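The values are calculated or read from the model by the stated rules, or taken from the named source; none is laboratory data. Only a predicted model underlies this, so the values are computations on that prediction, with no experimental measurement involved. Cβ placement follows ideal geometry from the backbone for every residue including glycine, while neighbour counts extend to all protein chains displayed. Surface areas here come from the heavy atoms of the whole protein model, side chains and all, with no ligands, DNA or RNA. Shrake-Rupley method; radii C 1.70, N 1.55, O 1.52, S 1.80 Å.
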Amino acid sequence: MNDSYDVVIAGGGVVGLCSAYYLQKTGVSVLIVDRGRYSEAASTGNAGMIVPSHIVPLSAPGVIAKGLKWLMNPESPLYIKPSANPKFMKWLWLFQKHCTAEHVARSIPILRDLSLMSRDLFSDVCALPGFEEVGLAHDGLLMLHRSDYAKKDNLELADLAENAGLEISRLSAQETMDLEPALKSELTGSVFFKQDASIHPERFMRALESHLRAAGVHFLDAEVKSFERSGGAVHAVGTTKGRFSSKHVVLAAGSWSPFLASKLGSAIAVQPAKGYSITVPVSEPSLKIPCILTDEKVTITPMPGCLRFGGTLALQGYDNSIDERRASPIRRLAETYCDGVDKVVDKVPTWAGFRPASPDGLPFIGALPAAPNVFAATGHGMMGVTLGPVTGKLISELIGGGPASLDVAPFASDRH
Ligand SMILES: Cc1cc2nc3c(=O)[nH]c(=O)nc-3n(C[C@H](O)[C@H](O)[C@H](O)COP(=O)(O)OP(=O)(O)OC[C@H]3O[C@@H](n4cnc5c(N)ncnc54)[C@H](O)[C@@H]3O)c2cc1C
């Protein structure tokens, strides 16, 4: 291991690995430092959906009202724990400020372009040798509804998506069952988002790590603790296993990125948004198309060798305990919607991960004003897998000093 690199990346989740991938392609030397990859990262255990359909940010009109309504319901899909923590209060204030129709309208083309570009980049990366088993599937996504309320939400999203140029179909219950005969339950219909895709996230991460190691990227199991600076710029990164000189630093520490940014006098408005998943091993999933149950906000993803069910968004700080009451609707719905899981679904453990959530639903991708050679790559919330490749590409372009493929102004780390 060297003691000097062109770029040190703090965090080896999907965003850190994708950043390393595009950086090493430009010929620079890269060190990834992570204190607990595959254990505390959100990048394993997630639903693995690549979702151009998610053009509406979480901060949309009505979300706060829903959060308040569900406050006392232990099984609700959204939970906001009241807290007097000033950082959390500020984040919540910024979040509610963005819950407007204007913000949604502004964000739609931005999220569409980011996610469509990232989807194409996934195809490029997964065409490389070593990625044969990652299960990249371009089967689209079904957003299912049962109640009139969920149907209204889905059809409104369909209108927005269609106006934004995405390929969708509005399907009746029968048309949905014809397209995906493995679904059971009393659906009233769905919207089919044809450009969505999916992947097995753990397999993708492992394939990418192997590829990066073979390409000469170094990995260090350690915690980033400090930064040495000359003027504003950082020239070395201090870790629990030594000090490494670096020309550039990428902060890709997911929900923990604000702690590192604060050491540099910068504030990145990210809060951990806890979610759960349950993975049921099956030899061959009968379901082919990933689904979201809009009534209950539960995801179902068929992956090689398993069906994964996910849900819940809990804003309650860095509390990583698992509340089985919140996971129970996920288990119940797994049995309701999918054949062949009922004997196993109660026996598999619940996984929990923190989505790094920004208050306006857009990621942070760009230099910190207080340290111009340090780049934030975080805040991807519910879309970190989807946006991993495009974030990595943009980070490599910014560090390379060339023009970025997309306008990065909306992702400025100090925009709030
Ligand atoms: C239930 C659930 C389902 C989801 N489903 C989807 C989906 O279908 N599609 C989608 O696009 N997204 C999904 N997401 C969101 C996605 O998982 C996250 O946005 C994404 O994984 C974030 O990646 P990251 O690399 O930014 O952060 P992480 O994966 O959290 O990685 C951050 C890393 O930084 C390390 N770290 C932190 N501090 C330090 C330090 N000081 N020193 C060294 N290392 C440090 C951590 O150990 C960790 O490995 C889901 C999330 C959840 C919880």
For E40, which of the numbered conditions (1) more than 7 Å from the ligand (Cβ to nearest atom); (2) among the charged types (D, E, K, R); (3) over 22 Å from F122 (Cβ atoms) fails to hold? (1)
Picking from G130, G135, G67, G165, which residue would you name as being of a type in the set (G, A, S) and assigned to a helix (DSSP H, G or I)? G67
Which of the residues that make up the range 13-41 are in contact with a strand residue (DSSP E or B) (Cβ under 6 Å, 6 or more places away or on another chain) and open to solvent by less than 30 Å² (accessible area, probe 1.4 Å)? V15, G16, S19, A20, L23, V30, L31, I32, V33
Inside the range 312-405, counting only strands (runs of 3 or more DSSP E) that do not spill past its ends, which hold 1 or more residues that are open to solvent by 10 Å² or more (accessible area, probe 1.4 Å), in contact (Cβ under 8 Å) with a residue 40 or more places away in the chain and within 12 Å of the ligand (Cβ to nearest atom)? 350-357
Boolean, G305 is under 27 Å from L362 (Cβ atoms), away from the ligand (no atom under 14 Å from the Cβ), small (G, A, S) and surrounded by fewer than 20 Cβ atoms within 10 Å (Cβ to Cβ): no
Name the single residue that is nearest to the ligand (Cβ to nearest atom) among those in the range 219-233 being surrounded by fewer than 24 Cβ atoms within 10 Å (Cβ to Cβ) and not small (G, A, S). E223
State which residue is least open to solvent (accessible area, probe 1.4 Å) when the search covers only the range 43-64 and only residues that are away from the ligand (no atom under 16 Å from the Cβ) and assigned to a loop (DSSP other than H, G, I, E, B). A60
Write out, first by first residue and then by second, each pair whose Cβ atoms fall under 7 Å of each other, whose residues are 6+ apart or on separate chains, and whose first residue, in the range 40-68, is on the phi > 0 side of the Ramachandran plot while the second is within 6 Å of the ligand (Cβ to nearest atom) and at pLDDT 90 or above. G45/S277; G45/G353; G48/V385
Within the range 406-416, the residues that are in a loop (DSSP other than H, G, I, E, B), closer than 19 Å to H248 by Cα and either open to solvent by less than 60 Å² (accessible area, probe 1.4 Å) or without any contact (Cβ under 8 Å) to a residue 40 or more places away in the chain (or both) are V408, A412, S413
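One line per residue, one yes/no per condition, for (1) more than 13 Å from the ligand (Cβ to nearest atom); (2) closer than 24 Å to A127 by Cβ; (3) at pLDDT below 95; (4) open to solvent by 30 Å² or more (accessible area, probe 1.4 Å):
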{"site": "Q195", "(1), (2), (3), (4)": "yes, yes, no, no"}
{"site": "S198", "(1), (2), (3), (4)": "no, yes, no, no"}
{"site": "E202", "(1), (2), (3), (4)": "no, yes, no, yes"}
{"site": "T240", "(1), (2), (3), (4)": "no, no, no, yes"}
{"site": "F244", "(1), (2), (3), (4)": "no, no, no, no"}
{"site": "V250", "(1), (2), (3), (4)": "no, no, no, no"}
{"site": "Y276", "(1), (2), (3), (4)": "no, no, no, no"}
Restricting attention to the range 259-274, the residues that are away from the ligand (no atom under 12 Å from the Cβ) and out of contact with any strand residue (DSSP E or B) (no Cβ under 7 Å at 6 or more places or on another chain) number exactly 3
